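Student: Got a structure here, written out as structure tokens. Questions coming.
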Amino acid sequence: MKLQGKAAIVTGAGSGMGRAIAVLYAQEGAKVAVVDINQAAVDAVVAEIKQAGGEATGIVANMALKDDVERMVQTTASTYGSVDILVNNAGVMDNFTPVGDVTDELWERLMNINLNGPFWACRAAINIMKDQSDGGVIVNNASVGGLFGTRGGAAYVASKHALIGLTKNIASTYGREGGNIRANAIAPGGVNTNIQTTITAPHPLGMAAIGDAGPGKLAEPVEIARVALFLGSNDSSFVNGDVIKADGGWTAR
Ligand SMILES: NC(=O)c1ccc[n+]([C@@H]2O[C@H](COP(=O)([O-])OP(=O)(O)OC[C@H]3O[C@@H](n4cnc5c(N)ncnc54)[C@H](O)[C@@H]3O)[C@@H](O)[C@H]2O)c1
């Protein structure tokens with residue numbers, strides 16, 4: 001087992017990639033804090049992990065609220081005695097809205113959930129990890145929208161680019177010399193999750209910018225969870241500050 005005894009936080013673990021990561025991490029021996037805004041989803045994933053013989057605790061938290069995020073990290077530390085892995089996965093999309101049509105409300109929602117939440121979580125976790133003998137590992141689920149300009153709207157693309165920048169800064173600051181903390185990001189392409197159902201009214205200008213370069217066949221969440229397992233485990237011990245693009249070749253075209 002690749003994560004035996006590790007305490008891992010997975011945000012947005014009630015659905016999609018977060019659920020798949022939480023389940024896979026538990027199968028690999030991690031004690032998993034299953035975090036989501038959706039209580040019923042948290043309960044279902046905790047039950048699924050426990051039924052399979054794994055260890056999990058549910059935490060209902062809104063990543064857009066600093067107090068919730070700090071409580072999430074503290075609860076994990078007090079429940080399991082350490083915070084070894086933080087997976088910032090929770091995120092929302094923006095209907096590919098171009099900047100001219102982005103409302104303040106949309107911008108703030110995307111920045112709070114996709115960027116501020118992960119920042120608050122990283123800050124709280126790092127201040128625990130840096131005093132642990134084994135340090136810690138951070139895995140940030142970004143997007144190809146964090147590497148290219150047209151795989152989301154303005155707020156989504158800006159939030160995911162910033163999340164990748166935050167990841168690189170943490171890696172270069174807190175790597176081998178600064179506390180033995182590794183931080184890497186994943187940039188998935190299209191993945192078969194509930195987020196697809198939130199694209200209710202894609203903006204024509206945002207869609208025109210993508211043109212006919214759609215993602216093609218979608219990944220299943222477990223295909224991204226396996227990347228998160230690699231980055232969360234010692235298999236990636238010398239990988240730090242990197243972004244693993246997992247898009248089935250979408251952006252290679
Ligand atoms: N699905 C894709 O095509 C795709 C591609 C690239 C990147 N991503 C990224 O992957 C991550 C996971 O997305 P998914 O596709 O699995 O989506 P999903 O909608 O299936 O799951 C997201 C989960 O996050 C939770 N969540 C939403 N807002 C929250 C908040 N404020 N606080 C706590 N939890 C919250 C939801 O309740 C849900 O359970 C996101 O960051 C997303 O941007 C998705």
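The values are calculated or read from the model by the stated rules, or taken from the named source; none is laboratory data. What you are looking at is a predicted structure, and each value in this text was computed from that prediction instead of being measured. Don't worry about glycine lacking a Cβ; one is built from the backbone with ideal geometry, like all the others, and counts go over all protein chains shown. Surface areas here come from the heavy atoms of the whole protein model, side chains and all, with no ligands, DNA or RNA. Shrake-Rupley method; radii C 1.70, N 1.55, O 1.52, S 1.80 Å.
Student: Give me the accessible area per residue for region 185-253, probe 1.4 Å, as a whole number in Å².
Tutor: Solvent-accessible surface per residue comes out at 54 Å².
Student: Could you give the C-alpha radius of gyration of region 1-142 expressed as a fraction of 2.2 N^0.38 Å, taking N as the number of residues it contains?
Tutor: Compactness ratio reported: 1.04.
Student: Of Ile128, Ser172, Pro221, whose Cα points farthest to the positive end of the dipole of the chain (charges on the beta-carbon: +1 Lys, Arg; -1 Asp, Glu; origin at the Cα centre)?
Tutor: Ser172
Student: In square angstrom, what is the accessible area per residue of region 82-180 with a 1.4 angstrom probe?
Tutor: On a per-residue basis, 39 Å².
Student: Counting Lys and Arg as +1 and Asp and Glu as -1, each charge on the Cβ, what is the dipole of region 7-243 about the Cα centre in debye, to the nearest 20?
Tutor: Once rounded to the nearest 20, the dipole reads 280 debye.
Student: Only Lys, Arg, Asp and Glu count, each charged at its Cβ (+1, +1, -1, -1), so figure out the dipole size of region 45-147 about its Cα centre, rounded to 20 debye.
Tutor: Magnitude of the dipole: close to 220 debye.
Student: Over the chain, with a Gaussian network built from C-alpha contacts below 10 Å, which listed residue (Pro221, Pro118, Pro188) shows the highest mean-square fluctuation?
Tutor: Of the options given, Pro221 has the highest mean-square fluctuation.
Student: How far, in degrees from 0 to 90, does helix 154-174 lean away from the longest principal axis of the Cα atoms of the chain, to the nearest 10?
Tutor: On a 0 to 90 degree scale, this one is about 30.
Student: Roughly how compact is region 7-243, stated as its Cα Rg over 2.2 N^0.38 Å to two decimals?
Tutor: Compared with the compact-globule rule of thumb, region 7-243 sits at 0.96.
Student: Explain nothing, just the number: dipole magnitude of region 73-123 about its Cα centre with +1 on each Lys and Arg Cβ and -1 on each Asp and Glu Cβ, in debye rounded to the nearest 20.
Tutor: Dipole size: approximately 260 debye.
Student: Now for a separate question. Could you work out what % of the accessible surface of region 7-243 is carbon and sulfur, using a 1.4 angstrom probe and leaving DNA, RNA and ligands out of the count?
Tutor: Taking all protein chains in place, region 7-243 shows 52 percent carbon and sulfur surface.
Student: Under the rule of -39500 (n - 2.57) per DSSP H run of 4 or more residues, summed and divided by the residues of the chain, what mean residue ellipticity at 222 nm is obtained, to the nearest 500 deg cm²/dmol?
Tutor: Taking each H run of at least 4 residues, the total per residue is -12500 deg cm²/dmol.
Student: Below 8 Å between Cα atoms, with a sequence gap of 6+, how large is the relative contact order for the chain in percent?
Tutor: Once normalised by length, the contact order is 20 percent.
Student: Hey, which lysines would be in cross-link range of Lys2, C-alpha to C-alpha under 17 Å, not counting anything within fewer than 8 residues on its own chain?
Tutor: Partners within reach: Lys31.
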